Amino acid sequence: MFWKDKYKLGVALIDKEHEELFRRVEAFMKTLRSNESWGDKVHEVNETLEFMKVYVVEHFSHEEAYQKKIGYPGLEDHKKKHDEMVEYVVGVSDQYEKSGFDQQLMQQFGGRLLAWLVNHVAVEDQRIASYAIDKGVANDEN
Ligand SMILES: [Fe+2]
């Protein structure tokens, strides 16, 4: 499992979404690395990509709303990181469609997506949790 309980922020909705993102990315990596032919797995890969494009945007908006609610001072910087990620995902997706579903492109994307997710959730998002604890607003039911 890529997901670890220590990644929790203590905010039920956000933790649930993070866990789902990890679960999806893990399944995505497994599919990408499997021995099946590209033709056999391309449908599943495309479905995951479409899911990501929608889910990531929704999740980021929930996370930003929470940051705003607790007055997190790093919101603007954090939002910039989210926006860059959305831009990256949309850009890769466009390139991927134009290439006629190029396998190499998705292999590279899978690795980057996982690296980004782990770093972002384990480092950037944890800063939100630390702030909430310091300010004593961590358990204000969100
Ligand atoms: Fe975030």
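Observations, loosely collected:
- Eligible aspartates and glutamates near residue 6 by straight Cα distance, threshold 16 Å, same-chain separation 8 or greater: 15, 17, 19, 20, 124, 125
- The alpha-carbon of residue 41 sits under 28 angstrom from the alpha-carbons of these lysines, leaving out residues fewer than 8 places away in its chain: 4, 16, 30, 53, 98.
- Per residue accessible area in Å² of region 32-136, where ligands, DNA and RNA are left out and the probe is 1.4 Å: 56
- Backbone phi angles across region 100-112, fed through the Karplus curve with coefficients 6.51, -1.76 and 1.60 (θ = phi - 60°), yield HN-Hα couplings of x, 6, 5, 5, 4, 4, 6, 4, 5, 4, x, x, 5 Hz in residue order; Gly and Pro are listed as x.
- Taking the C-alpha atoms only, the angle from helix 125-134 to the longest principal axis of the chain is near 10 degrees.
- Residue-normalised convex hull volume from the C-alpha trace of the chain: 92 Å³ per residue.
- Sulfur and carbon atoms: percent of accessible area, the chain [1.4 Å]: 51
The values are calculated or read from the model by the stated rules, or taken from the named source; none is laboratory data. Just so it is clear, the model here is predicted, and its values are computed rather than measured. Accessible surface areas use protein heavy atoms only, side chains included; no ligands, DNA or RNA. Shrake-Rupley method; radii C 1.70, N 1.55, O 1.52, S 1.80 Å.
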